[in-house]
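Input: a single structure, listed below in structure tokens.
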Amino acid sequence: MTYRMSCEQLHGLSIRELSAMFKLARKAVISTRPCTAEHAEAVAAMRRIAKVIAYKDAQMRAFIPAPRRIKAPKPGLR
């Protein structure tokens with residue numbers, strides 16, 4: 001299911017859905033034995049999902065400006 005999705009399909013999902021899929025893939029990595037095809041497939045899926053999450057997060061941060069502090073006037077200058 002998650003392992004077969006391409007990056008284009010993953011980009012169509014929300015961050016919440018991707019996080020749930022990442023959690024599932026992480027459980028699959030933990031439950032499979034290392035040096036097996038299933039383990040390698042689960043690790044690859046986890047990497048793909050992590051890349052898409054990082055991309056979407058960076059994109060979201062670029063579009064939402066950080067809040068700026070309003071400088072208060074310093075006493076004694078006037």
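Among residues of the stretch 46-69 that are within 14 Å of A20 (Cα to Cα) and modelled with pLDDT of 75 or more, those with a beta-carbon under 9 Å from a residue that is in a helix (DSSP H, G or I) and hydroxyl-bearing (S, T, Y) at least six positions away or on a different chain give the pairs I49/S19; I53/S19. A40: buried (at least 16 other Cβ atoms within 10 Å of the Cβ), at pLDDT 85 or above and not β-branched (V, I, T), yes or no? Criteria not met by A40. Could you look through the stretch 26-37, keep only residues that are of a type in the set (V, I, T) and crowded, with 16+ Cβ neighbours inside 10 Å, and pick out the one that is farthest from R4 (Cα to Cα)? Among residues in the stretch 26-37 that are of a type in the set (V, I, T) and crowded, with 16+ Cβ neighbours inside 10 Å, the one farthest from R4 (Cα to Cα) is T32.
For the stretch 8-23, the set of residues classified as surrounded by 14 or more Cβ atoms within 10 Å (Cβ to Cβ) and modelled with pLDDT of 90 or more consists of L18, A20, M21, F22, listed by residue number.
The values are calculated or read from the model by the stated rules, or taken from the named source; none is laboratory data. From a predicted model like this one, the values you see are computed outputs, not experimental measurements. For neighbour counting, all protein chains shown are included, and Cβ atoms are generated from backbone atoms with ideal geometry for every residue, glycine included.
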